[in-house]
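> Can you keep this structure in mind? I'll have questions shortly.
The values are calculated or read from the model by the stated rules, or taken from the named source; none is laboratory data. Treat the numbers as computed from the prediction; the structure is a model and nothing was measured. Positions of Cβ are backbone-derived with ideal geometry, glycine not excepted, and every protein chain shown enters the neighbour counts.
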Amino acid sequence: MRKSATTAQAGRIPAQPGPRGVPLGMLVAPVQPDAKDLTAGQPGPEDIMAGTVQADTGEQTGPGSVIPGAGPAGRPGERATVRLRDVGPDDPPRYAPEWLELREGADAVARAPELLDPLRIRLANLPGRSGVVIHDLGCGTGSMGRWLAPRLDGAQHWILHDRDPYLLHFAAVASPRAAADGSRVTVETRRGDVARLTPDALVGASLVTASALLDVLTREEVDALVAACVGAGCPALLTLSVAGKVELTPADPMDAEIADAFNAHQRRDGLLGPDAVTVTCEAFAAHGATVRVHPSAWRLGPDEAALTAEWLRGWIGAAVEERPELKERADQYLERRLAACAAGELSVLVHHSDLLALARPTGGTS
């Protein structure tokens, strides 16, 4: 789904809905007892806004420091980092955080483990390897780190990027503390959006990761991301990009019409939407990188009824936003689909793709 800003007046995010009325404290899993050293004196979101929080120590860098090549400096009191489009101080977050929590289980099941072995081989053979540095772009509440860190061996340092300081705080507090072999995992957060990315912004990176990101980028932004990864000589694991195909069972005559309108919504304003994986593969291949793609569909049945219902509202809402003439029939369609969902009679297959790009190592240390 397209990740658009919260529309306060409408009470929803057009393409990335979040359930309303869920306590914010439900966002993250409880911190493990062995992580007490991390949470003692843990800075709050207001502290994160003032600089970069080193989640493993609580150490904080000054707001005036700038990451070379990371894009223009932000507003006063904000550390420069990778940025997307200019945003105003009152712009709301792009995601309802409750939606990120709701979808985390489905995301974890959907991600393609088939891409992990080639990734592990590449990481194990990086020049000068003494641990890996992983940049998670648009980290949200940190679900990618919770999925991936325990599946990789060796010491890891995660650098979490997001524009929302609250999400960064939750992601840092709920991050894993140990790799698959028990090695230490540490975390730092950087506030900012994810484009205008240059190789300098990824100096020392061993891996770049992201979830549900490519489809909300333009071609120019994908080119910048690819060039940055190739310039840094690091692989990229980019998961859960929409593929433009949805299958609902039982079928309904309006399924295809809603899907077409939703896909058109995904491509608004120059965004790549369902074309993102193809464009990204071509961009990496043009730089000589090896690219692997694997399906990573959500498979939603009766056990995922809450997620299915929220997904339906966002999917149909985006379609109507794109084609308002559908509203009356779409409202009836939504009512039918929600009733079937509540009765345990609806299953949905939402197609996504995971992409692993293996750029040529540059020979630098990680």
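> Out of everything in the range 307-364 that is among the small types (Gly, Ala, Ser) and closer than 27 Å to Ala285 by Cβ, what residue ends up being surrounded by the fewest Cβ atoms within 10 Å (Cβ to Cβ)?
So, considering only residues that are among the small types (Gly, Ala, Ser) and closer than 27 Å to Ala285 by Cβ, the one surrounded by the fewest Cβ atoms within 10 Å (Cβ to Cβ) is Gly363.
> Right, something else. Out of the range 244-290, which residues are small (Gly, Ala, Ser), free of Cβ contacts under 8 Å to residues at least 12 places away in the same chain and not in a helix (DSSP H, G or I)?
Residue satisfying the conditions is Ala251 alone.
> Hey, can you tell me all the residues within the range 222-241 that are under 17 Å from Glu282 (Cα atoms) and among the aliphatic types (A, V, I, L, M)?
Within the range 222-241, Val222, Ala224, Leu225, Val226, Ala227, Ala228, Val230, Ala236, Leu237, Leu238 meet the criteria.
> Every residue in the range 119-145 that is part of a helix (DSSP H, G or I), of a type in the set (Val, Ile, Thr) and farther than 17 Å from Asp181 by Cβ, please. Spell out the reasoning first.
First pass over the range 119-145, keeping only residues part of a helix (DSSP H, G or I): 119-124, 143-145.
Subset that is of a type in the set (Val, Ile, Thr): 121.
Across the range 119-145, there are no qualifying residues.
> Taking into account only those residues within the range 189-211 that are at pLDDT 95 or above and not hydroxyl-bearing (Ser, Thr, Tyr), which is farthest from Asp269 (Cα to Cα)?
Among those that are at pLDDT 95 or above and not hydroxyl-bearing (Ser, Thr, Tyr), it is Leu207.
> Further question on the same structure: Taking the criterion of being farther than 30 Å from Gly204 by Cβ, touching a strand residue (DSSP E or B) at 6+ places or on another chain (Cβ under 8 Å) and of a type outside the set (S, T, N, Q), would at least one residue in the range 217-240 satisfy it? Spell out the reasoning first.
Restricting attention to the range 217-240, the residues satisfying the condition of being farther than 30 Å from Gly204 by Cβ are none.
Taking every residue of the range 217-240 in turn, none turns out to be farther than 30 Å from Gly204 by Cβ, touching a strand residue (DSSP E or B) at 6+ places or on another chain (Cβ under 8 Å) and of a type outside the set (S, T, N, Q).
> Report, by residue number, each residue of the range 316-366 that is hydrophobic (A, V, I, L, M, F, W, C) and modelled with pLDDT under 95.
Across the range 316-366, the qualifying residue is only Ala359.
> Consider Asp275 carefully, then state whether it is surrounded by fewer than 21 Cβ atoms within 10 Å (Cβ to Cβ) and modelled with pLDDT under 95. Can you show your working first?
Numbers: surrounded by fewer than 21 Cβ atoms within 10 Å (Cβ to Cβ): yes; modelled with pLDDT under 95: no.
Spelling it out, it is not the case that Asp275 is surrounded by fewer than 21 Cβ atoms within 10 Å (Cβ to Cβ) and modelled with pLDDT under 95.
> Would it be correct to say that Asp269 is modelled with pLDDT under 95 and either of a type outside the set (Ser, Thr, Tyr) or under 20 Å from Leu217 (Cβ atoms) (or both)? Lay out the reasoning, then the answer.
Details: modelled with pLDDT under 95: yes; either of a type outside the set (Ser, Thr, Tyr) or under 20 Å from Leu217 (Cβ atoms) (or both): yes.
When the stated conditions are applied, Asp269 passes them.
> From the list His294, His265, which residue is buried (at least 22 other Cβ atoms within 10 Å of the Cβ) and not aliphatic (A, V, I, L, M)?
Numbers: His294 fails: buried (at least 22 other Cβ atoms within 10 Å of the Cβ).
It is His265.
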